[in-house]
1. Looking at residue 55 and the list (1) surrounded by 14 or more Cβ atoms within 10 Å (Cβ to Cβ); (2) on the phi < 0 side of the Ramachandran plot; (3) outside the structural domain of residue 149 (by TED's automatic domain parsing), which single condition is not satisfied?
2. Only residues in region 187-210 that are closer than 17 Å to residue 290 by Cα count as the first member; pair them with residues that are part of a loop (DSSP other than H, G, I, E, B), Cβ under 6 angstrom, at least 6 apart or cross-chain, and list the lot.
3. Among the residues of region 105-122, what is the count of those that are surrounded by 16 or more Cβ atoms within 10 Å (Cβ to Cβ) and assigned to a loop (DSSP other than H, G, I, E, B)?
4. Does at least one position in region 166-185 carry a residue that is buried (at least 20 other Cβ atoms within 10 Å of the Cβ) and farther than 16 Å from residue 230 by Cα?
5. What tally of residues in region 234-253 results from selecting those that are assigned to a loop (DSSP other than H, G, I, E, B), surrounded by fewer than 19 Cβ atoms within 10 Å (Cβ to Cβ) and either touching a residue at least 24 places away in the same chain (Cβ under 8 Å) or under 20 Å from the mean Cα position of the chain (by Cα) (or both)?
6. Given region 327-384, what helices (runs of 4 or more DSSP H) lie entirely inside it while holding 3 or more residues that are in contact with a helix residue (DSSP H, G or I) (Cβ under 9 Å, 6 or more places away or on another chain) and crowded, with 20+ Cβ neighbours inside 10 Å?
7. Just to be sure I understand, how many residues within region 212-233 are touching a residue at least 12 places away in the same chain (Cβ under 8 Å), in contact with a strand residue (DSSP E or B) (Cβ under 8 Å, 6 or more places away or on another chain) and surrounded by 14 or more Cβ atoms within 10 Å (Cβ to Cβ)?
8. Spot the failing condition for residue 161; the list is (1) in contact with a helix residue (DSSP H, G or I) (Cβ under 6 Å, 6 or more places away or on another chain); (2) touching a residue at least 24 places away in the same chain (Cβ under 8 Å); (3) surrounded by fewer than 19 Cβ atoms within 10 Å (Cβ to Cβ), and only one is missed.
């Protein structure tokens with residue numbers, strides 16, 4: 001009975017820890033050997049075997065059978081400790097092997113806690129770490145919340161297995177497409193290239209291996225159902241599905257959409273694509289803070305330079321004028337250089353004389369002279385651009401300063417008018433009091449006025465005296481009140 005129970009225990013441990021039952025039995029044998037050796041000398045030859053069929057334990061010391069019942073409590077405790085240690089080591093090895101195979105795949109876990117900005121996530125049999133650098137900007141996870149991430153790395157550390165997760169890696173997008181788009185998982189549609197700025201925008205170039213399946217339509221889904229699930233998982237990150245094309249020009253044009261491209265010139269020597277767009281498409285092609293053109297460059301593996309038609313033609317004109325100054329350069333050479341994708345003096349300077357000699361079979365001396373002349377002109381062009389940029393920056397600063405002053409003045413005018421109204425009300429009350437005082441004084445002295453009239457001829461100076469007397473009360477009243485009740489008149493803003 002004990003032997004069969006032993007096999008059941010071994011089988012239960014193996015299933016619970018996801019390790020091979022044979023490994024558990026071998027660990028148990030080693031634990032028993034350690035327990036027996038603790039009770040005997042180190043020189044003794046000890047052997048323990050467990051029958052895989054019936055669970056019978058056969059123990060021998062120096063070739064002589066022994067009974068396990070003879071072992072005491074200390075030996076049993078030793079066997080237990082050794083067994084626990086060996087099972088833990090086997091479990092760590094099993095976890096390491098399992099997640100090493102799942103590297104690049106998506107796992108779902110439960111948020112346990114925060115540790116210094118990193119998120120600790122509980123997976124099936126272990127804990128994983130989602131570092132701050134691998135979290136999407138704007139993500140906000142709370143304990144007990146479910147989170148999906150990609151297994152980025154698996155490392156063995158002393159006593160532990162460290163699993164690193166990521167939600168910002170481009171392959172996280174690839175794995176999401178495999179989950180949401182069956183055609184991608186079945187390799188009917190392949191993701192040829194992917195460029196991502198986590199939390200903001202991602203460009204995915206897709207190609208269909210079946211002519212009856214539209215790659216872009218399958219990824220978007222009916223009414224955008226498939227792509228919506230991916231966008232929701234990423235917290236609203238924008239995703240551009242780009243149709244793949246083996247032609248670099250067509251691929252670059254597709255990657256810059258929704259902007260419409262007028263012309264593309266490729267320089268294989270420089271790895272540069274000069275893209276011409278009309279003026280009203282320029283900001284759309286470049287994108288917010290250069291994001292659209294930056295992602296397009298990474299997606300296509302080309303250095304993409306966006307120009308307007310005027311800028312493109314100005315560069316060509318400068319290149320033509322500069323090269324015609326070099327003796328031996330004719331229209332044929334100019335056309336060949338432009339056909340190589342060099343559309344400015346900076347391009348010729350950067351590419352150097354070797355491609356001109358190797359590709360165009362040009363004389364080394366002529367090629368060197370052309371590069372030198374273009375280098376000289378490139379400095380002039382660069383300085384002119386720097387000056388223009390500085391002027392534009394200064395003009396923008398002046399305009400900003402002017403707008404600021406106008407807004408300040410506009411904000412101050414209503415305040416000044418309000419202050420004037422408040423000051424005018426007490427002043428009007430005081431003036432009214434002064435006028436009343438003058439009237440009372442004039443009414444109280446009618447006799448004085450009559451006397452003055454009777455003696456007007458004899459004493460002509462009396463009349464001015466009455467006028468001064470009538471004015472005195474008004475003057476005294478006006479001086480008494482404003483000091484306490486009438487605020488000083490505010491200064492007018494300049």
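The values are calculated or read from the model by the stated rules, or taken from the named source; none is laboratory data. Keep in mind that what you see is a predicted model, and the values were worked out from it rather than measured. Virtual Cβ from ideal backbone geometry, glycine too; neighbours counted across all protein chains shown.
1. Here residue 55 clears every test but (2).
2. Taking only residues 6 or more apart or on different chains, the pairs are 198/136; 198/168; 199/136; 199/137; 199/138; 199/237.
3. Summing the residues that are surrounded by 16 or more Cβ atoms within 10 Å (Cβ to Cβ) and assigned to a loop (DSSP other than H, G, I, E, B) in region 105-122 gives 0.
4. no
5. Pass one, region 234-253, residues assigned to a loop (DSSP other than H, G, I, E, B): 234-237, 244-247.
Among the residues that remain, those that are also surrounded by fewer than 19 Cβ atoms within 10 Å (Cβ to Cβ) are: 235-236, 245-247.
Filter again for either touching a residue at least 24 places away in the same chain (Cβ under 8 Å) or under 20 Å from the mean Cα position of the chain (by Cα) (or both), leaving 235-236.
Of the residues in that region, 2 qualify.
6. On the way: elements: 331-339, 345-351, 353-360.
Once the helices (runs of 4 or more DSSP H) in region 327-384 are filtered for at least 3 residues that are in contact with a helix residue (DSSP H, G or I) (Cβ under 9 Å, 6 or more places away or on another chain) and crowded, with 20+ Cβ neighbours inside 10 Å, what remains is 345-351.
7. Restricting attention to region 212-233, the residues satisfying the condition of being touching a residue at least 12 places away in the same chain (Cβ under 8 Å) are 213, 215-216, 218-221, 226-227, 229-230, 233.
From what's left, in contact with a strand residue (DSSP E or B) (Cβ under 8 Å, 6 or more places away or on another chain): 213, 215-216, 218-220, 227, 230, 233.
From the residues that got through so far, the ones that are surrounded by 14 or more Cβ atoms within 10 Å (Cβ to Cβ) too are 215-216, 218-220, 227, 230, 233.
Here the count works out to 8.
8. Looking at each condition in turn, residue 161 falls short on (3).
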